[in-house]
1. With the requirement that a residue be in contact (Cβ under 8 Å) with a residue 40 or more places away in the chain, assigned to a loop (DSSP other than H, G, I, E, B) and surrounded by 12 or more Cβ atoms within 10 Å (Cβ to Cβ), what does the stretch 1-19 give you?
2. If R78 satisfies all but one of (1) touching a residue at least 12 places away in the same chain (Cβ under 8 Å); (2) surrounded by fewer than 17 Cβ atoms within 10 Å (Cβ to Cβ), what's the number of the condition it fails?
3. Kindly check whether there is at least one residue in the stretch 42-50 that is touching a helix residue (DSSP H, G or I) at 6+ places or on another chain (Cβ under 6 Å), modelled with pLDDT under 90, part of a helix (DSSP H, G or I) and of a type in the set (A, V, I, L, M, F, W, C).
4. Collect the residues in the stretch 20-48 that are of a type in the set (S, T, Y) and buried (at least 17 other Cβ atoms within 10 Å of the Cβ), keeping them in residue-number order.
5. So which residues in the stretch 51-75 are in contact (Cβ under 8 Å) with a residue 40 or more places away in the chain and in a helix (DSSP H, G or I), if there are any at all?
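The values are calculated or read from the model by the stated rules, or taken from the named source; none is laboratory data. Just so you know, these numbers come straight off a predicted model, no measurement behind them. All Cβ positions, even for glycine, are placed from backbone atoms using ideal geometry, and neighbour counts span all protein chains on display.
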Amino acid sequence: MSGIETKSPGFFTRGIREKQSDRRGFDTDRMIFRDDELSYALGKDGATRKKLELASGAILQYVGHVAFIAGTLKERRRCREFVPRLTF
């Protein structure tokens, strides 16, 4: 999905909104980033993303400017807490 989104921006992410689920079992949340936030949250060669996945136990993938966080409620909450968001 990420590769296609890079070549054709908006293919998967057009009209998508942030989503936070309260479901206890496995589910997916979405967070939308700005350009500078995305590069910071991704890290060099995806190192920050991998560290966030390992620390939270959730699955974290970026498609365009959207972060998809998958896992149980606890894992998703931990990941959201750990994801760096820049404030101006």
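1. Result: M1, P9, F12, T13, I16.
2. (2)
3. Yes.
4. T48
5. L73, the sole residue that qualifies.
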